[in-house]
Amino acid sequence: MKKTTNTPPKTLDEFIAQNGYYVCLPINFAVVFTPSELIVLSVIKHNLNIGTKTFSISLLKVWTGLSQNTIKDALTSLVDLDVLSKGSVSKKGTFYKINEKKLARLYMELNRTTAPVERLRIADRFRGEGKELHAGRIAEFENTEFDTRR
């Protein structure tokens, strides 16, 4: 990670880029993951980028502001979705690895379409049966101008 400079940034984006305070996750992932899953994934990704190797629930509570149960649920879900691999456990916490190839394939699939309803379908297929997030929204907007199947 780069060190903070004393030069005032022209924009927030410039400041973040100059100082290495960013995590690269596409906005399309907002339809795939719940907000708590997305923030836990972002925090783990950022911390892996800066050299943190283990993650305790306490560390994730501090970084995310989420409750212990919400973090545990998000971690369980991310592991079930094969986005995170849970490794060994030490006194400092659990080792996690991000399945970057799976996320890259998901990113490519989401970006092959510009139709919002199709992106919801892709997200629900990715999550799998019984874990869908968008069945109601898909039904609401199916065969509308937001759907490629109309």
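Things to note:
- The average projected area of the range 5-47, computed from the convex hull of its Cα atoms over all directions, is 3.6 nm².
- Value at 222 nm in deg cm²/dmol, rounded to 500, when DSSP H runs of n ≥ 4 in the chain each add -39,500 (n - 2.57): -15000 deg cm²/dmol
- With a Förster radius of 35 Å applied to the C-beta separation of E100 and T144, the computed FRET efficiency comes to 0.50.
- Between the listed residues G136, L75, T94, the Cα displaced farthest toward the positive end of the dipole of the chain, a dipole computed from Cβ unit charges relative to the Cα centre, is found at T94.
- GNM top mover of L59, L78, L41 - the chain, alpha-carbon springs below 10 Å: L59
- Heavy atoms of the protein chains alone define the surface here; on that basis the chain has 63 Å² accessible area per residue at 1.4 Å probe size.
- Note on exposure: E140, E129 ranked by accessible area (1.4 Å probe, complete protein assembly) read E129, E140, with the most exposed listed first.
- Under 17 Å from the Cα of K102 - lysines, other chains or at least 8 residues apart: K45, K86
- Convex hull of alpha carbon positions in the range 86-150: directionally averaged projected area 5.9 nm².
- Each residue of the chain gets 143 Å³ once the volume of the Cα convex hull is shared out per residue.
- Share of carbon and sulfur in the accessible heavy-atom surface of the chain [1.4 Å probe, %]: 54 percent
- Percentage relative contact order, the range 1-129, counting C-alpha pairs under 8 Å, at least six apart: 22 percent
The values are calculated or read from the model by the stated rules, or taken from the named source; none is laboratory data. In this text the structure is predicted, and so the values were computed from the model without any measurement. As a convention, Cβ positions derive from the backbone with ideal geometry for all residues, glycine included, and neighbour counts pool all protein chains shown. Heavy atoms of the whole protein, side chains included, go into the accessibility calculation; ligands, DNA and RNA do not. Shrake-Rupley method; radii C 1.70, N 1.55, O 1.52, S 1.80 Å.
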